[in-house]
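Here's the structure, in structure tokens; my notes come after.
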Amino acid sequence: VQLQASGGGLVQAGGSLRLSCVASGGIFSRYVMGWFRQAPGKEREFVAGISLSGAGKFYADSVKGRFTISRDNARNTVYLQMNSLKPEDTAVYYCAADRSGLSVRTTRGEYDYWGQGTQVTVSS
């Protein structure tokens with residue numbers, strides 16, 4: 001499975017961005033999908049995850065109420081809508097696919113495929 005993330009950019013605090021991640025080479029509807037992020041000098045951390053059907057969603061506490069994950073299985077795409085952005089949201093954002101098909105998991109090592117990352121920079 002190949003994952004291609006896009007949609008990052010520079011935005012002022014309080015602004016919004018929508019990230020997209022298109023999958024190819026596999027059966028998208030069989031993968032739990034997640035978004036992670038990595039800021040300079042920090043570990044890669046879980047941001048949000050979504051179940052196979054899209055009914056189950058899980059968020060890190062730091063983004064709950066501001067970010068929304070969704071998926072379109074017909075388009076092989078997962079999205080991350082980011083609102084009320086803060087400078088501390090600045091990071092490279094990665095989409096990831098978990099082929100286990102189980103519930104949403106939050107650990108980096110449980111995801112099998114990764115996109116190349118897209119930079120999100122939030123200015124104060």
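Mind counting the residues in the stretch 80-110 that are surrounded by 20 or more Cβ atoms within 10 Å (Cβ to Cβ) and assigned to a helix (DSSP H, G or I)?
Residues flagged as surrounded by 20 or more Cβ atoms within 10 Å (Cβ to Cβ) and assigned to a helix (DSSP H, G or I) within the stretch 80-110 amount to 1.
Just give me the residues in the stretch 38-56 being within 23 Å of Gln119 (Cα to Cα) and either among the hydrophobic types (A, V, I, L, M, F, W, C) or open to solvent by 50 Å² or more (accessible area, probe 1.4 Å) (or both), in sequence order. Lay out the reasoning, then the answer.
Filtering the stretch 38-56 down to residues within 23 Å of Gln119 (Cα to Cα) leaves 38-50.
Scanning the stretch 38-56 gives Gln38, Ala39, Pro40, Gly41, Lys42, Glu43, Glu45, Phe46, Val47, Ala48, Ile50.
Does any residue in the stretch 27-41 that is over 13 Å from Ala96 (Cβ atoms) come within less than 8 Å, Cβ to Cβ, of a residue that is assigned to a helix (DSSP H, G or I) and aromatic (Phe, Trp, Tyr) six or more places away or on a different chain, and which pairs are these?
Taking only residues 6 or more apart or on different chains, not a single pair turns up.
Do we have any residue at all in the stretch 66-79 that's touching a residue at least 40 places away in the same chain (Cβ under 8 Å), in contact with a strand residue (DSSP E or B) (Cβ under 9 Å, 6 or more places away or on another chain) and open to solvent by less than 20 Å² (accessible area, probe 1.4 Å)?
Within the stretch 66-79, one or more residues are touching a residue at least 40 places away in the same chain (Cβ under 8 Å), in contact with a strand residue (DSSP E or B) (Cβ under 9 Å, 6 or more places away or on another chain) and open to solvent by less than 20 Å² (accessible area, probe 1.4 Å).
Scan the stretch 1-22 for residues that are modelled with pLDDT of 95 or more and not in a strand (DSSP E or B) and jot them down. Give the steps one after another, and end with the answer.
Pass one, the stretch 1-22, residues modelled with pLDDT of 95 or more: 2-22.
Matches in the stretch 1-22: Gly7, Gly8, Ala13, Gly14, Gly15, Ser16.
Please identify the pairs in which a residue from the stretch 94-111 that is farther than 10 Å from Gly34 by Cβ has its Cβ atom under 9 Å from the Cβ atom of a residue that is assigned to a helix (DSSP H, G or I), counting only partners at least 6 apart or on another chain.
If the second residue must be assigned to a helix (DSSP H, G or I), the pairs left are Arg99/Arg30; Ser100/Glu110; Gly101/Arg30; Leu102/Glu110.
Of all residues in the stretch 9-37 being within 12 Å of Thr118 (Cα to Cα) and either open to solvent by 30 Å² or more (accessible area, probe 1.4 Å) or hydrophobic (A, V, I, L, M, F, W, C) (or both), which is farthest from the chain's Cα centre (by Cα)?
Pass one, the stretch 9-37, residues within 12 Å of Thr118 (Cα to Cα): 9-10, 17-21, 35-37.
Restricting the remaining residues to those that are either open to solvent by 30 Å² or more (accessible area, probe 1.4 Å) or hydrophobic (A, V, I, L, M, F, W, C) (or both) gives 10, 17-19, 21, 35-36.
Details: Leu10: 17, Leu17: 12, Arg18: 10, Leu19: 7, Cys21: 8, Trp35: 2, Phe36: 5 Å.
In this case the residue turns out to be Leu10.
I'd like to verify a number: residues in the stretch 34-53 that are in contact with a Phe, Trp or Tyr (Cβ under 9 Å, 6 or more places away or on another chain), under 19 Å from Val63 (Cα atoms) and not basic (Lys, Arg), how many?
Filtering the stretch 34-53 down to residues in contact with a Phe, Trp or Tyr (Cβ under 9 Å, 6 or more places away or on another chain) leaves 34-38, 44-52.
With under 19 Å from Val63 (Cα atoms) added as a condition, the list becomes 34-38, 44-51.
Those still in the list that are not basic (Lys, Arg) too: 34-36, 38, 45-51.
Within the stretch 34-53, residues that are in contact with a Phe, Trp or Tyr (Cβ under 9 Å, 6 or more places away or on another chain), under 19 Å from Val63 (Cα atoms) and not basic (Lys, Arg) number 11.
The values are calculated or read from the model by the stated rules, or taken from the named source; none is laboratory data. All values reported here derive from a predicted model rather than from experimental measurement. Don't worry about glycine lacking a Cβ; one is built from the backbone with ideal geometry, like all the others, and counts go over all protein chains shown. For the accessible areas, the whole protein counts, side chains as well, though only heavy atoms, and no ligand, DNA or RNA atoms are used. Shrake-Rupley method; radii C 1.70, N 1.55, O 1.52, S 1.80 Å.
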